[in-house]
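What follows is calculated from the coordinates using simple rules that are stated; it is not laboratory data. Only a predicted model underlies this, so the values are computations on that prediction, with no experimental measurement involved. Positions of Cβ are generated from backbone atoms using ideal geometry, with glycine treated the same way; all protein chains shown enter the neighbour counts.
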Amino acid sequence: MIDLVNISLQFNGKYLFKNVNYKIASGDKISLVGANGTGKSSLLKIIKGNLQPETGEVLKQKRISIGYLPQEHVTHSGNTLLEEASSALSDIIELNNKEKEITDALNAADLTDEEKMDLAHQLGEVHHILESMGSYSAQSKVEKILTGLGFEESDFNRLTDEFSGGWQMRIALAKILISQNDILLLDEPTNHLDIDSLEWLIDFLKAYKGALLIVSHDKNFVNQVTNKTLEIFLGKFFTFKGDYDAYLRYKAERDEQAIQQFEQQQKKIKETERFIERFRYKATKARQVQSRIKQLEKIELVELPESNSEVNIRFPEPTQSGRTPIKLNNIFKSYGNKKVFEGIDFEIERGEKIAFVGPNGAGKSTLAKIIAGVIDYNSGERIVGHNTIISYYAQDVADNLNPDLEIIETVDGIAEEKTLGQLRSLLGSFLFSGDDVFKKVGVLSGGEKSRVALCKILLTKANFIILDEPTNHLDYNSKLILQKALIDFKGTLILVSHDIDFLRPIVTKVIDIRKGNLKTYYGDIDYFLGKREFSTIERDYTTKLKKEKTELPVTNRKEQKRLEAEIRQQKHKATKDIVKEISKVENLIDTYENEIKELEKKLADPAIYSKGETAKETTKNFNDAKSNLELAMKKWEELNNKLSEIESQFN
């Protein structure tokens with residue numbers, strides 16, 4: 001379908017890739033990978049035709065259509081959302097115009113029978129093509145794709161000028177998905193999506209019949225929609241069959257081999273250099289010396305792979321906060337006439353690591369900003385706990401960096417115990433290597449500023465960190481470093497993110513925010529996804545049953561029983577651990593109550609008070625048992641409240 005033949009591209013005098021060849025076949029699902037700066041985005045532009053290679057050519061099948069989504073800087077204006085999205089149906093629009101022209105021509109009064117027959121034949125052909133293209137369901141398809149990407153029906157008649165940058169990118173993505181393209185070139189398509197629209201996009205691309213070439217650092221997304229990997233490495237192309245995980249395993253083995261080859265080669269070079277130096281001035285060894293010199297000149301040096309394995313960043317040990325770092329009581333928040341929250345309550349316990357998820361516009365970032373104290377609310381109460389030190393990161397935080405400082409100056413002094421070398425290692429892990437650290441912040445791109453802001457967060461001594469979409473501008477290695485630091489972080493954490501793979505090992509609780517309501521899931525991100533998927537099945541089936549006006553047929557009764565059994569199974573799975581814990585606490589309560597009864601009998605005996613030490617020890621044991629019973633009863637109450645919340649999700 002597409003052949004890249006001897007393609008070369010250089011930037012600032014250095015080749016990104018040289019004389020590379022690659023063939024994209026119909027139906028290929030390819031992940032394009034490589035370190036930042038290796039030319040991934042440039043390759044997409046070359047294939048699209050937006051950038052000319054220095055050498056070589058791109059051979060394409062005739063009439064092939066290519067959909068291309070750049071990483072940023074897409075804007076739309078002048079049309080309503082529905083008009084703009086529908087404009088992607090260019091072939092159908094062109095045929096509809098042709099249909100109108102033919103129909104108008106048929107209405108002319110001076111046509112001969114032969115001309116009428118010819119026009120009628122043309123009109124029949126147009127109708128046939130429109131039918132084969134599914135034109136009669138095209139508008140429904142447009143609306144379905146817009147809804148899948150998170151737009152509301154009320155958005156359809158809004159002007160595209162009103163939508164922010166992230167939503168502008170969604171409009172561009174919608175148009176590409178609506179078009180009848182043979183291949184999609186997608187550069188970081190998940191950056192501006194929430195979990196709902198991301199899962200919808202995954203399902204859409206799984207069913208897509210054309211070819212895919214995707215640049216993305218979202219490992220979960222890439223694993224689900226691709227089955228081949230194309231790597232740009234040391235200016236060459238390497239291909240692998242399999243998903244991104246398979247590529248990473250291969251890459252780890254290859255990097256290990258490269259390091260061994262590098263060490264062996266360096267050893268050989270040093271031995272040769274010692275020979276040359278030792279016998280350089282001996283006439284009897286002149287021929288051997290010259291031979292060794294030529295050998296050194298011909299050696300093709302093994303290049304070490306880029307590696308951040310030596311970078312092991314940990315947050316400074318934070319001062320412990322109180323048991324409740326933050327508490328919100330009856331919070332109301334609106335923007336003009338738009339109500340976001342109406343009387344919500346929210347409380348966090350020290351050490352919790354929470355993910356905020358839900359559709360864009362539901363209030364995730366607003367709630368994070370209220371908790372962080374960076375925006376006001378209309379009414380209610382925000383209570384900051386004892387010794388709570390909050391550090392907050394959002395995309396616009398980068399705009400508050402001092403533009404006159406160098407990158408290294410921006411992070412220097414935040415953590416006094418860090419040496420200059422350690423700071424440079426940290427910046428290197430976030431893609432600022434060599435002399436880059438001396439760049440002024442003012443000349444950096446938005447993504448680069450965001451990475452500097454994240455570096456500052458990693459050096460902070462806060463005990464409560466709030467991160468809003470921290471992974472959007474990070475490559476895979478940088479995400480791993482941040483992920484590991486957050487896993488090891490001893491304080492309290494809130495993450496607003498759609499990156500499932502990033503969240504998976506970190507969070508222990510999920511808050512789903514929808515239409516101003518908060519729903520808590522006591523488990524990790526996979527527990528939340530499983531619960532939500534099951535809830536969707538249950539909701540859809542319940543809706544279906546409600547629509548039935550007559551008695552269910554046998555097949556539906558069987559399906560209902562199957563669903564009820566599945567609900568019971570899911571409920572058991574979700575509650576079994578907490579039920580076990582409640583049982584253990586109940587046994588403790590029985591033990592403490594029996595212990596108190598025995599001690600009460602002893603204390604009721606006047607003889608015990610003739611033995612001072614025994615009476616004192618018994619009284620102490622009695623008071624300890626009462627305290628233990630109170631704690632156990634409180635724990636039992638907390639566990640039962642959690643159990644009720646979990647069970648309510650199945651009612």
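With contacts taken as Cα pairs under 8 Å and at least 6 residues apart, the chain reaches a relative contact order of 12 percent.
The protection proxy used here, the mean number of other Cβ atoms lying within 10 Å of each residue, ranks peptides 140-153, 348-361 as follows, highest first: 348-361, 140-153.
With the helix formula -39500 (n - 2.57) applied to DSSP H stretches of n ≥ 4, the chain reaches a computed 222 nm mean residue ellipticity of -16000 deg cm²/dmol. Looking at the chain alone, DSSP beta bridges between its own residues are antiparallel in about 55 percent of cases.
Packing, as the average of other Cβ atoms within 10 Å across residues, places the peptides 166-178, 374-386 in the order 166-178, 374-386, highest first. Legend: helices of the chain (whole DSSP H runs) are marked when their alpha-carbon atoms reach 30 angstrom or more along the helix axis and their mean Kyte-Doolittle hydropathy is at least -1.0; marked are 525-547. Mean sequence separation of contacting Cα pairs (under 8 Å, at least six apart), scaled by the length of the stretch 570-651, corresponds to a relative contact order of 48 percent. Spin-label model, ASP203 to PHE238: label points 7 Å out along the Cα-to-beta-carbon direction sit 3.7 nm apart.
Counting only lysines at least 8 places from LYS327 when in the same chain, those with an alpha carbon closer than 18 Å to its own are LYS353, LYS364, LYS369, LYS509, LYS519. Going by the alpha-carbon gyration tensor, a ≥ b ≥ c the square roots of its eigenvalues, is the stretch 249-298 rounded (a/c under 1.5) or, if a/c is not under 1.5, prolate (a/b greater than b/c) versus oblate? Because a/c hits 1.5 or more and a/b exceeds b/c, the stretch 249-298 counts as prolate.
Ignoring lysines fewer than eight residues from LYS228 along the same chain, the ones with Cα atoms less than 18 angstrom from its Cα are LYS23, LYS29, LYS40, LYS206, LYS209, LYS219, LYS236, LYS241, LYS251.
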